[in-house]
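Written out below as structure tokens is the structure these notes cover.
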Amino acid sequence: MSVLNFLKTVGSISGAINKEKIEEERSRAKVEAGGSFHKCESCGKDDKGNKRCTGCFMVWYCGQECQVKEWEKHKAECKKTRKEYKSVKLDKDLSKFYRDESLGVRQAFSFLSGKHYEVNSEAQPRKSHFVVKIQRELTTDEHPMLVNNQDRSLQAYLYMEENEVFDQLNKIIKSNGFGGCKGYFRAILSSAKVDSKVMVLKINPYKMQVVENW
């Protein structure tokens with residue numbers, strides 16, 4: 001068996017184990033949340049049509065009536081959470097880290113699916129707010145962390161040198177993240193543009209979200 005095939009086999013086995021652990025963790029979290037991750041904050045209605053508060057993106061409402069009714073109770077926490085979002089710069093590849101402009105990541109490997117996938121550095125997120133998965137290297141605290149959303153329309157790297165929240169994110173993922181290597185956070189797409197290789201995102205590093213199965 002070639003080294004590549006061996007790694008694929010190990011990756012597939014590891015992915016199956018991780019999927020099982022993730023489902024167990026999500027089940028526990030769902031019970032703690034009262035049986036639903038998107039229950040209306042006001043009336044408790046559990047519906048797929050519920051929408052997130054567009055201020056903090058942390059709580060759900062089934063409609064405008066419930067949101068208005070709950071606003072006085074939610075207002076202080078909403079404003080506090082909005083201030084927690086921090087702007088981060090994301091680089092589209094690792095060329096700066098390795099000091100080689102010719103180096104760009106074109107393919108990556110998923111240990112959940114056991115498959116390689118193409119990295120599209122030209123892709124743009126379809127939504128303005130979403131959950132991102134942030135993955136740290138297990139062997140070092142200095143390597144840029146990979147950041148991506150579910151459909152990988154956002155996939156870039158968070159560098160230590162350019163981001164004050166790098167250490168904070170690294171520590172919380174290391175201590176409380178899944179397997180000590182990845183954590184999920186709410187993010188808002190910023191309209192600010194730096195250049196073709198760098199994008200700006202606002203991430204809330206204080207409230208790590210429930211582990212996702214992607």
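Among the residues of segment 40-59, are any over 25 Å from L189 (Cα atoms), modelled with pLDDT under 90, polar (S, T, N, Q) and open to solvent by less than 90 Å² (accessible area, probe 1.4 Å)? Steps first, answer last, please.
Narrowing segment 40-59 to residues over 25 Å from L189 (Cα atoms): 42-47.
Retained after the next criterion (residues that are modelled with pLDDT under 90): none.
No, every residue in segment 40-59 fails to be over 25 Å from L189 (Cα atoms), modelled with pLDDT under 90, polar (S, T, N, Q) and open to solvent by less than 90 Å² (accessible area, probe 1.4 Å).
If a residue has to be open to solvent by less than 20 Å² (accessible area, probe 1.4 Å) and either free of Cβ contacts under 8 Å to residues at least 12 places away in the same chain or part of a helix (DSSP H, G or I) (or both) to count, how many in segment 155-185 make the cut?
Summing the residues that are open to solvent by less than 20 Å² (accessible area, probe 1.4 Å) and either free of Cβ contacts under 8 Å to residues at least 12 places away in the same chain or part of a helix (DSSP H, G or I) (or both) in segment 155-185 gives 4.
Name the single residue, out of those in segment 152-207 being among the acidic types (D, E) and modelled with pLDDT under 95, that is nearest to K92 (Cα to Cα). Lay out the reasoning, then the answer.
Our first condition is that a residue be among the acidic types (D, E); within segment 152-207, this holds for 161-162, 164, 167, 195.
Those still in the list that are modelled with pLDDT under 95 too: 161-162, 164, 195.
Working: E161: 15, E162: 14, E164: 19, D195: 10 Å.
Here the answer is D195.
Give me the residue from segment 99-126 that is surrounded by 13 or more Cβ atoms within 10 Å (Cβ to Cβ) and under 27 Å from Y85 (Cα atoms) and, out of that set, modelled with the highest pLDDT.
Applying the filter and picking the extreme gives P125.
In segment 23-54, which residues are outside any strand (DSSP E or B) and farther than 26 Å from N176 by Cα?
Answer for segment 23-54, where residues must be outside any strand (DSSP E or B) and farther than 26 Å from N176 by Cα: S42, C43, G44, K45, D47, K48, G49, N50, T54.
Which condition breaks for K75 when tested against (1) without any contact (Cβ under 8 Å) to a residue 12 or more places away in the chain; (2) surrounded by 11 or more Cβ atoms within 10 Å (Cβ to Cβ); (3) over 19 Å from R186 (Cα atoms); (4) among the basic types (K, R)?
All conditions pass for K75, except number (3).
Name the pairs whose Cβ atoms lie under 7 Å apart, with the first residue in segment 32-45 and closer than 16 Å to E77 by Cβ, the second surrounded by 14 or more Cβ atoms within 10 Å (Cβ to Cβ) and among the aliphatic types (A, V, I, L, M), and 6 or more positions between them or separate chains?
E41/V59
Please count how many residues of segment 131-148 are buried (at least 21 other Cβ atoms within 10 Å of the Cβ) and assigned to a loop (DSSP other than H, G, I, E, B).
2
Are any of the residues in segment 141-151 modelled with pLDDT of 90 or more and out of contact with any Lys or Arg (no Cβ under 9 Å at 6 or more places or on another chain)?
Yes, segment 141-151 has at least one match.
The values are calculated or read from the model by the stated rules, or taken from the named source; none is laboratory data. If you're wondering where the values come from, they're calculated on a predicted model, not measured in any experiment. Positions of Cβ are backbone-derived with ideal geometry, glycine not excepted, and every protein chain shown enters the neighbour counts. Heads up: the accessible areas ignore ligands, DNA and RNA and are worked out on the full protein's heavy atoms, side chains in. Shrake-Rupley method; radii C 1.70, N 1.55, O 1.52, S 1.80 Å.
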